[in-house]
1. Tell me the Kirkwood radius of the range 54-143: reciprocal of the mean inverse pair distance over distinct alpha-carbon atoms, in Å.
2. Report the accessible area of MET116, computed with a 1.4 Å probe over the heavy atoms of all protein chains in place, in Å² rounded to the nearest 10.
3. Return a whole-number percent for the relative contact order of the range 63-143, with Cα pairs under 8 Å and 6 or more residues apart as the contact set.
4. From the phi angles alone, apply the Karplus equation (6.51, -1.76, 1.60; θ = phi - 60°) to the range 79-89 and give each ³J(HN,Hα) in whole Hz, x where the residue is Gly or Pro.
5. Per residue of the range 51-68, in order, report the coupling 6.51 cos²θ - 1.76 cosθ + 1.60 (Karplus, θ = phi - 60°) as ³J(HN,Hα) in whole Hz, putting x for Gly and Pro.
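The values are calculated or read from the model by the stated rules, or taken from the named source; none is laboratory data. No experiment lies behind these values; they were computed from the predicted model shown. Surface accessibility is based on the protein's heavy atoms, side chains included, excluding ligands, DNA and RNA. Shrake-Rupley method; radii C 1.70, N 1.55, O 1.52, S 1.80 Å.
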Amino acid sequence: MRSLFLVALLIGACGKGDQPPPPSSGSPNARPETGPRPAADPNAAAGSQLSEAQQMFATVCATCHGADGTGNGPAAESLTPKPRNYTDPEWQKSVTDDDIKKIILEGGPAVGKSPMMPAQVQLKDKPEVLNELVAIIRGFAKK
Ligand code: HEC
């Protein structure tokens, strides 16, 4: 009777001893999942990219016209006459999109205004950038 009991215990012990391996085979799977992460970077960069017109307004036009379009850019202080306030609804009503395009392309003197307003002749070949600049300027209007 006693020996049978011992055998039963041994079998039971062996059975338990076989069990630990299966759980450990699952852990190696966790590592490869962290691998593909870098693929997300190109998407993030594309989402934060500014259009050519937005970049141009921020780096060129805003130095005089101000990032908020009110004509308070760092270079505006020394200008006479000063760039106008794009948020003024009266001015927005007084000009057509073509008026705005003409002064951007040909500069202030071409429309009888200040020579401090520089011509952007290179935009002749980029109507989509010119159109977006007009949209940016229109976007400053107070609603
Ligand atoms: C060096 C300063 C300067 C820069 C840079 C500049 N402007 Fe101007 N801009 C002026 C001044 C000054 C006037 C006002 C001219 C006047 O009233 O005689 C003006 C006038 C204008 C007007 C006409 C507003 C009106 O009176 O009807 C538009 C539109 C305009 N700018 C757009 C732009 C855009 C778009 C850019 C960037 C591509 C730009 N400007 C860059 C100085 C600048």
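1. When all Cα pairs of the range 54-143 are included, the Kirkwood radius is 13.1 Å.
2. Its heavy atoms expose roughly 110 Å² to the probe.
3. 26
4. My calculation for the range 79-89 gives 9, 9, x, 7, x, 6, 8, 5, 7, 5, x Hz in order.
5. Rounded to whole hertz, the list is 6, 4, 5, 5, 5, 5, 4, 5, 9, 9, 4, 5, 4, 10, 7, x, 4, 9.
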